[in-house]
Each structure stands twice: as C-alpha cells, then as structure tokens.
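Structure first, then comments.
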Ligand code: AMP
C-alpha cells in the first residue's frame, strides 16, 4: 500500500530524479519535494539559510543535516503532506534517513542507477529555462531555438563541482541503498536509458506496488 505514505526517488546527481519525479507525482498524487530546489530558493532569497547553504553547494558538499531537517519538518507540517510526499534528493545521509523515520512512513525507494561518466556528460550539458523551470540538455534534449539565449546553467553544474558531488554521493549517500534494501523497500531501475524507457520501468513498479 502506498496511500498515506511517502516515496523517495534516489540516485546520484544527474540520474534523472527531477525529470522522473513529475511522472511519479502525477501517478501517485504526492507532491514533489526537492531539497535542492528548496535550497536554491533560499539562496535566491538571500536568506541566512540560503547564504550558509550556498557555501556548501558551490563546493559540491552536502548542506548540514540540521538545516535540511528543519526545511523538511516545515514542509511536512503543511496540509498537502498528509497523504505522503515524494522526496527528490532527500535523504542524502544515514542520519537524515533515520530522522525521516520519525516524521513519515516511507513505502518505497525508487533508485535510479547511472554510471559516473554518463552523469558528468549529462550534468555539464544541463540547462534550465528560468521562465518555465523546464530542464533541457544541449545534446540529449535541445531547447527550442527561440528560447536558447535565455537558458541558464546551475552554478554547481560545472565539471569540477560535478566530480565533487559524485564523490560526496559515493561516500555519504550511496550507503542509503543498503539501508533501504535491508528494509525491503528498495526498487532499482536502470536510469541510463531513454527518458521514456525509464518512466515505463518506474510506472510498472508503482502499479505493482499500488495493487499490493
Ligand atoms: P540537487 O538539486 O538535489 O542536486 O541538490 C543540489 C545541492 O544542494 C547538493 O549538491 C547539496 O549541496 C545540496 N542538497 C540538496 N539536498 C540535500 C540534502 N538532502 N542533504 C544535504 N545537502 C543537500
């Protein structure tokens, strides 16, 4: 049963978590919560949290657990969180996962598996349309010609920072696979195929689980 419970989309940076979240959110009705987006909003607002977070994000390091958990607690207290949320980019450390257990039930963790080299090429070519929030890729998902001039690259999407983010992922976040595998709720998906192919695999997993 996934009603009333939260879902996690898990994987290295650039694995397609944000892209696939739309589908999962539509299928399950659970609002997507991206801690990366929340932090970028805080940075754009130039708030105290934003200024502190930016110093970690620019280096490809994780923002301290206390800051992240504070944001998550506030988000979980909103009315639309009652039927569970879809977490994208959270949890990223074992202490965050342990804290989450006290805040909401997690029914499934969908893990996108993608090799490091593919990630570097995906992330360095990633561009966002600031007007719609749509994410494009210079090679794999080119934007329409007339909006190309306005596309932006995230500050932390440069090659050096991506390598640091990947190393952070392997050290601090990857161990969460075992944490959730041991609980019997980890579902691995090959994330290196076409977007539609990955979506179909995720859809099949969610349908099977909804019928439980
Ligand atoms: P993302 O958009 O998910 O790739 O996140 C961008 C950056 O925000 C990461 O490289 C981290 O610096 C920070 N961040 C996002 N989510 C978390 C989290 N759950 N724990 C710690 N840092 C995070």
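Here are the numbers for this structure:
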| quantity | calculated |
| --- | --- |
| Filtered residues of segment 70-99 (kept if touching a strand residue (DSSP E or B) at 6+ places or on another chain (Cβ under 7 Å) and surrounded by fewer than 19 Cβ atoms within 10 Å (Cβ to Cβ)) | 75 |
| Hey, residue 71 within 12 Å of the ligand (Cβ to nearest atom), under 17 Å from the mean Cα position of the chain (by Cα), farther than 19 Å from residue 11 by Cα and part of a helix (DSSP H, G or I) or not | yes |
| Residue selected from segment 143-161 under the condition in contact with a strand residue (DSSP E or B) (Cβ under 8 Å, 6 or more places away or on another chain) and part of a loop (DSSP other than H, G, I, E, B), by the criterion farthest from the ligand (Cβ to nearest atom) | 143 |
| Single residue of 46, 79, 58 found to be out of contact with any helix residue (DSSP H, G or I) (no Cβ under 6 Å at 6 or more places or on another chain), within 12 Å of the ligand (Cβ to nearest atom) and more than 29 Å from residue 189 (Cβ to Cβ) | 58 |
| Any hit, segment 27-36, residues being at pLDDT 95 or above, under 17 Å from residue 168 (Cα atoms) and either away from the ligand (no atom under 14 Å from the Cβ) or touching a helix residue (DSSP H, G or I) at 6+ places or on another chain (Cβ under 7 Å) (or both) | yes |
| Test for residue 148: is it buried (at least 17 other Cβ atoms within 10 Å of the Cβ) and either farther than 21 Å from residue 186 by Cα or free of Cβ contacts under 8 Å to residues at least 40 places away in the same chain (or both) | no |
| The one condition in (1) out of contact with any strand residue (DSSP E or B) (no Cβ under 7 Å at 6 or more places or on another chain); (2) modelled with pLDDT of 95 or more; (3) buried (at least 19 other Cβ atoms within 10 Å of the Cβ) that residue 46 fails to fulfil | (3) |
| Meets criteria (on the phi < 0 side of the Ramachandran plot and exposed (fewer than 15 other Cβ atoms within 10 Å of the Cβ)) for residue 156 | no |
| Breaking point among (1) touching a residue at least 60 places away in the same chain (Cβ under 8 Å); (2) away from the ligand (no atom under 12 Å from the Cβ), for residue 14 | (2) |
| Residue check, residue 88 within 22 Å of residue 186 (Cα to Cα) and either in contact with a helix residue (DSSP H, G or I) (Cβ under 7 Å, 6 or more places away or on another chain) or in contact (Cβ under 8 Å) with a residue 12 or more places away in the chain (or both) | yes |
| Which listed residue, of 99, 81, 174, is over 16 Å from the mean Cα position of the chain (by Cα) and modelled with pLDDT of 95 or more | 99 |
| Segment 123-136 - residue that is crowded, with 16+ Cβ neighbours inside 10 Å and touching a helix residue (DSSP H, G or I) at 6+ places or on another chain (Cβ under 9 Å) and, of those, nearest to residue 173 (Cα to Cα) | 123 |
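The values are calculated or read from the model by the stated rules, or taken from the named source; none is laboratory data. All figures in this text were calculated on a predicted structure; none of them were measured in a lab. As a convention, Cβ positions derive from the backbone with ideal geometry for all residues, glycine included, and neighbour counts pool all protein chains shown.
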